[in-house]
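Everything on this sheet refers to the single structure shown next.
The values are calculated or read from the model by the stated rules, or taken from the named source; none is laboratory data. Bear in mind the structure is a predicted one, so any value in this text is a computation, not a measurement. Heads up, the Cβs are rebuilt from the backbone with ideal geometry, glycines too, and the neighbour counts pull from every protein chain shown.
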Amino acid sequence: MTDLPLLADLPANPVPRGTVSGEVITSDRVRIRYARWPATSRRKRGTVLLLQGRAEFIEKYFETANDLRRRGFAVATFDWRGQGGSQRLLSDRNKGHVDDFDDYGLDVEAVVQQVMLADCPPPYYLLAHSTGAAVALDYTARARTQFERMVLMAPLLGLAGRSTRLLRILSGFLGIFGLAESYVPGGGKTLVQTEPFEKNPLTSDRERYARYTSVIEARPDLGLGSPTIGWIRSVTQVAEHFESPEFPPTVPMPVLMVMAGRETIVSNPAVERLSSRMKTGAHTLIPGARHELLSESDRYRDQFWAAFDSFIG
């Protein structure tokens, strides 16, 4: 067994002061890399558990962690199984794969029990992006007494411009023929966020895009390529669950979903539909922003933080 990689410390993206990092082991024996930080303001407001999107890594959230710490929050985050510095699941480490979407919940549970509840002050809040936001929603039944509120950024409740049902049927059919661990058609090993800035659908902020690209260039072991067919099957199954009449009443805490106006990756209509069916849900849109709201230009990030501050209180 080899050690999980340490946090990448680069001049353009230095490790924040006060960082504690390490690993936890999930109930199914997967090794998860985590990091946590104390609040830096005098006013202590509890802890934010930060759930990343697909193909992301702890280093990408150093700026966000510092933003939260200045607001009085301790912060804990981690890399999902199969990406970043956590244990990879397939021999081709560039494949973005998970056998079952519920497995992500095992990662959350391990960090909640071994890091957040053990070492971080209450009360607890969830801040989650894209795939992490879908995991957060799927986790709400277990999180009933753990988290006060959730803020979900560009939640993955469906893929933009694509039929969730059709994708679920097709990916399930291909899985029957042993293709669950194959890249999606047209996908491959090319690491996310290594293409030219002009082609990226994630952010309009050139400086932040270059910062995160520099991390992948220095540490390509943290990068991830395209998802697998099995990953698509898992995501579409949980997305159909969110559409079911039974799901909205299971969400026990207030939830704010923040959408990007220039979204091309996840489905904004799916977010609006779910929010309208949740007694505890609300949504807002940031016009002009792209998918990664916290990697965006300050004019968009400032709008997100205003919504966050107002909702968390």
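Of note:
- Within region 257-288, the residues that satisfy the criterion of being more than 24 Å from Tyr125 (Cα to Cα) and either touching a helix residue (DSSP H, G or I) at 6+ places or on another chain (Cβ under 9 Å) or part of a loop (DSSP other than H, G, I, E, B) (or both) are Gly261, Arg262, Glu263, Thr264, Ile265, Ser267, Pro287, Gly288.
- Selection count, region 140-161, where residues are in a loop (DSSP other than H, G, I, E, B), over 16 Å from the mean Cα position of the chain (by Cα) and not polar (S, T, N, Q): 8
- Unique match (being polar (S, T, N, Q) and closer than 25 Å to Asn268 by Cβ) among Ser182, Ser163: Ser163
- Of the criteria (1) under 20 Å from Leu156 (Cα atoms); (2) touching a strand residue (DSSP E or B) at 6+ places or on another chain (Cβ under 7 Å); (3) not aromatic (Phe, Trp, Tyr), which one Gln193 fails: (2)
- Residues located in region 20-41, provided they are among the charged types (D, E, K, R) and in contact (Cβ under 8 Å) with a residue 12 or more places away in the chain: Glu23, Asp28, Arg31, Arg33, Arg36
- Residues of region 290-306 satisfying the condition of being aliphatic (A, V, I, L, M) and free of Cβ contacts under 8 Å to residues at least 60 places away in the same chain: Ala306
- Residue among Ala239, Ala306 that alone is at negative phi, at pLDDT 95 or above, surrounded by fewer than 21 Cβ atoms within 10 Å (Cβ to Cβ) and in a helix (DSSP H, G or I): Ala306
Residues checked against (1) assigned to a helix (DSSP H, G or I); (2) of a type outside the set (S, T, N, Q):
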position: Leu166; (1), (2): yes, yes
position: Gly175; (1), (2): yes, yes
position: Leu179; (1), (2): no, yes
position: Gly188; (1), (2): no, yes
position: Thr194; (1), (2): no, no
position: Glu198; (1), (2): yes, yes
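- Residue count for region 1-10, restricted to those that are at pLDDT 95 or above and either charged (D, E, K, R) or over 21 Å from the mean Cα position of the chain (by Cα) (or both): 2
- Region 200-226, subset within 16 Å of the chain's Cα centre (by Cα) and part of a helix (DSSP H, G or I), residue nearest to Gly96 (Cα to Cα): Leu222
- Thr284 of a type outside the set (Gly, Ala, Ser), surrounded by fewer than 20 Cβ atoms within 10 Å (Cβ to Cβ) and modelled with pLDDT under 95: no
- Tally, over region 1-28, of residues that are in contact with a Leu (Cβ under 8 Å, 6 or more places away or on another chain), surrounded by 19 or more Cβ atoms within 10 Å (Cβ to Cβ) and within 21 Å of Phe147 (Cβ to Cβ): 1
- Tally, over region 90-114, of residues that are free of Cβ contacts under 8 Å to residues at least 40 places away in the same chain and either touching a Lys or Arg at 6+ places or on another chain (Cβ under 8 Å) or closer than 23 Å to Phe147 by Cβ (or both): 4
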